[in-house]
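Quick note: the coordinates plus some simple rules give every number you see, no bench work behind them. Worth saying up front: this structure is predicted, and the values here are computed from it rather than measured. Neighbour counts run over all protein chains shown; Cβ positions are idealised from the backbone, glycine included.
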Amino acid sequence: MATPKPIGFAPPPIDGDTIAAVTRVLQSGWITSGPELAAFEEELAAFLAGPHVACFSSWTTACELALRWFGVGSGDEVIIPAMTYAATANIVLHCGAEPVMVDIDPKQRVVSADAVRAHIGPRTKVVMPVDLGGWPVDYDAVHTLLNSATIRTQFHAGNDVQAQLGRPLFLSDAAHSFGATFAGEPVGSQADITGFSFHAVKNLTTAEGGALAFSLPDSFDMDVILGWFKAMALHGQSKSALEKTTGSWHYDVVDAGYKCNMTDLQAAIGRAQLRKYPDQLLRRAAIASAYDKGFNGCAWYEGPPLEDALRTSSYHLFQLRISGISAEQRDRIMTNLKARGIATNVHFQPLPMLTLHQRRGEHVADYPESARLFEESLSLPIHLELTDEDVTRIIQAVKEEVETI
Ligand SMILES: Cc1ncc(COP(=O)(O)O)c(C=O)c1O
């Protein structure tokens with residue numbers, strides 16, 4: 001019998017237009033941050049319909065910069081979900097602050113405002129929920145919580161920026177949710193700052209890259225803030241390399257900045273992808289819906305939230321939950337699917353399962369919903385190379401493997 005065609009987990013959607021865009025920039029005489037990046041930032045802002053946008057080398061560097069802009073440091077706490085990728089916690093630790101973990105809601109698979117409320121204290125400087133798999137948190141509920149008189153009263157501002165905000169910063173880890181919507185608006189203008197990832201496996205990729213969307217209260221001067229972020233992404237220089245080349249070479253260094261700018265080559269990839277992204281989202285939605293229909297009726301099936309009255313997913317992951325199985329059974333199902341040419345993945349090992357956080361005194365038993373989701377779930381392929389026949393084959397194979405495990 002012929003071996004069936006292998007189905008990858010999340011191949012990047014690189015087509016002829018993307019290759020042509022990169023070639024154009026390669027031949028343009030300018031390949032680091034320059035006009036292509038500026039155009040990408042403008043197009044992202046238009047897609048997100050509101051916020052100011054700045055791009056960086058990754059979600060990680062972008063969001064760490066956001067923590068540093070807010071002055072997060074030793075003695076401060078940042079609230080994050082236990083169920084997330086390592087980066088969410090690592091940037092907090094890089095700043096010398098403490099990640100305070102919150103368990104997820106079992107149905108929504110993201111943190112609820114009530115769970116966040118239970119963990120906010122006087123040392124909380126930032127609340128950083130994660131839109132797991134592309135499903136938005138309840139942005140309104142978190143906003144209402146952070147703006148409440150109780151939270152404002154107990155907030156201890158440690159610097160001018162914190163005093164100006166007067167409450168913890170709402171920094172959204174939207175690494176997965178570019179293209180998702182909340183209350184009819186694209187995710188990106190609900191939190192104070194929203195961080196997107198354009199890593200190679202994300203819906204929209206620049207190979208590596210990330211963006212911040214800013215929706216701070218009107219009292220903040222966005223020209224000053226964007227200037228700070230741009231300078232800090234380039235060693236604190238008062239001018240970019242392009243400005244030094246095209247204008248006077250004189251420049252100053254105003255702070256000990258980092259080196260985390262996005263290049264024009266990355267921006268060219270992003271621009272080519274962004275043009276096709278609305279159609280790609282429709283295809284992702286169709287695949288997610290086909291999976292959901294295909295498994296519906298199976299007693300063990302629990303699908304990821306995809307759409308409700310408030311939100312639509314970006315359909316970044318299709319995290320299939322198989323009720324009642326153990327992590328060992330889940331792993332066996334994944335191995336058997338791999339033998340049938342179907343790649344799958346796990347999102348994520350809850351942070352308290354990782355040595356780093358166990359050393360910090362965390363125990364996964366304290367986060368039972370994250371632990372159960374980890375044990376019972378595997379992420380199925382969801383990408384633009386999948387044909388309808390591939391989706392049918394995956395559904396059939398998963399059903400056979402689950403029902404004989
Ligand atoms: C939830 C989450 N946050 C943050 C990141 C980090 O993104 P980047 O690789 O762009 O730094 C990832 C990456 O996969 C992620 O899944």
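Numbers below:
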quantity	calculated
Cβ charges +1 (Lys, Arg) and -1 (Asp, Glu), total dipole of the stretch 250-306, debye	340 debye
Computed label-point distance, nm, for sites D331 and S219 using a 7 Å Cα→Cβ extension	5.3 nm
Listed pairs K202/K259; K230/K259; K5/K202; K239/K259; K338/K399; K5/K399 exceeding 21 Å between Cα atoms	K202/K259; K5/K202
In sequence order, calculated HN-Hα J values of the stretch 218-228 (Karplus, 6.51, -1.76, 1.60; Hz; x Gly/Pro)	4, 5, 7, 8, 5, 5, 5, 5, 5, x, 5
Length released on extending from K107 to A339, taking residue separation times 0.36 nm less the Cα-Cα span	80.4 nm
Burial ordering of D218, D17, fewest other beta-carbon atoms within 10 Å first	D218, D17
Rounded tilt (10° steps) of 388-403 against the dominant C-alpha axis of the chain	60 degrees
Most mobile of F155, F198, F170 in a GNM of the chain (Cα contacts under 10 Å)	F155
At R0 = 41 Å, FRET efficiency that the Cβ-Cβ distance of A241 and N90 yields, to 0.05	0.90
The stretch 1-91 - Debye-derived log10 I(q)/I(0), Cα point model, q = 0.11, 0.16 Å⁻¹	-0.59, -0.98
Where a label projected 7 Å from the Cα of Q164 along Cα→Cβ would reach, residues of the stretch 55-90 with amide N under 11 Å	70
Radius 13 Å from Cβ of G184, net charge of other residues (Lys, Arg +1; Asp, Glu -1)	-3
Rg(Cα)/(2.2 N^0.38 Å) for the stretch 277-403, N = residue count	1.13
Pairwise FRET efficiency - L226 versus A183, Cβ, R0 = 25 Å, nearest 0.05	0.45
Exposure proxy order (Cβ contacts within 10 Å, fewest to most) of I394, I287	I287, I394
Inter-centroid distance (Cα atoms) of the stretch 23-62 relative to the stretch 83-130, Å	29 Å
Near-label residues of the stretch 236-278 by backbone N, under 12 Å of a point 7 Å along Cα→Cβ of D15	272-278
Under 12 Å from the Cα of K293 - aspartates and glutamates, other chains or at least 8 residues apart	E302
Percent of alpha-carbon pairs separated by more than 31 Å within the stretch 16-268	23 percent
Stretch gain in nm, segment S148-L282, where the contour uses 0.36 nm per residue and the Cα spacing is subtracted	44.5 nm
Residue (of T23, L37, L216) at the positive-pole extreme of the chain, dipole from beta-carbon charges	T23
Spin-label model distance (nm) - T392 vs D366, 7 Å beyond Cα toward Cβ	5.0 nm
Estimated FRET transfer efficiency (N296, Q349; beta-carbon r; R0 22 Å; 0.05)	0.20
For T263, distant residues with modelled amide H under 5 Å away	none
Radius 14 Å from Cβ of A149, net charge of other residues (Lys, Arg +1; Asp, Glu -1)	+3
Paramagnetic reach from D140 in the stretch 288-321 [backbone N under 20 Å; point 7 Å along Cα→Cβ]	305-314
